[in-house]
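Colleague: Sharing a structure, written as structure tokens. Questions coming.
The values are calculated or read from the model by the stated rules, or taken from the named source; none is laboratory data. Remember, predicted model here, so these are calculated numbers, not experimental data. All Cβ positions, even for glycine, are placed from backbone atoms using ideal geometry, and neighbour counts span all protein chains on display.
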Amino acid sequence: MRLALAADHAGFTLKQELAARLAQQGHDVVDLGCHSTAPVDYPDSAEAVAAMVRNGQAERGIIVCGSGAGVAIAANKFPGIRAAVCHDTYSAHQAVEHDDMNVLCLGARIVGPSLAQELVSSFLGARFSGEERHQRRLDKVIAFERRFTTAR
């Protein structure tokens, strides 16, 4: 799977570990930075991943910051992006299966490398169910997005 991966300075080390593991598993990982622990602004990391996923250049995205919250908030500002912070494996797969989440956000100050890998595996192994109730709800979310992005 082609994946867009980015982090801010707080998530740099975890991002590096995830990138190496994902590449070993055969994924095509596009590392969008940052490339050190020097302070950077988390919205830039979120924008980089959101742009690739939105434009179809990556099937899914993963963004890491200190808590996961900042990058999730920023990524969700982009039409077509459904990002969530997941720090448990149930949410990591359920958000894809029911909500068609396409960007996983992780907090490097919250989860360690082993749990982060389990979360990523749950996220990548899940598929949107397409069940009528899930599709109906997703269509409503997409309608919200269209209404508010075209109103300006």
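Colleague: Please list, ordered by residue number, the helices (runs of 4 or more DSSP H) wholly in the stretch 1-91 having 3 or more residues that are without any contact (Cβ under 8 Å) to a residue 24 or more places away in the chain.
Modeller: Here the list reads 12-24.
Colleague: A further question on this structure: Please determine, by comparing only the residues of the stretch 44-92 that are within 10 Å of the chain's Cα centre (by Cα) and among the basic types (Lys, Arg), which one is nearest to Gln117 (Cα to Cα).
Modeller: Arg60
Colleague: Contact list please: Cβ distance under 7 Å, first residue in the stretch 116-129 and farther than 10 Å from Met101 by Cα, second residue hydroxyl-bearing (Ser, Thr, Tyr) and at pLDDT 95 or above, pairs at least six apart or on different chains.
Modeller: Glu118/Thr89; Leu119/Thr89; Ser122/Thr89
Colleague: Taking the stretch 93-152 as the region of interest, how many residues are charged (D, E, K, R) and at positive phi?
Modeller: Residues that pass the stated criteria total 1.
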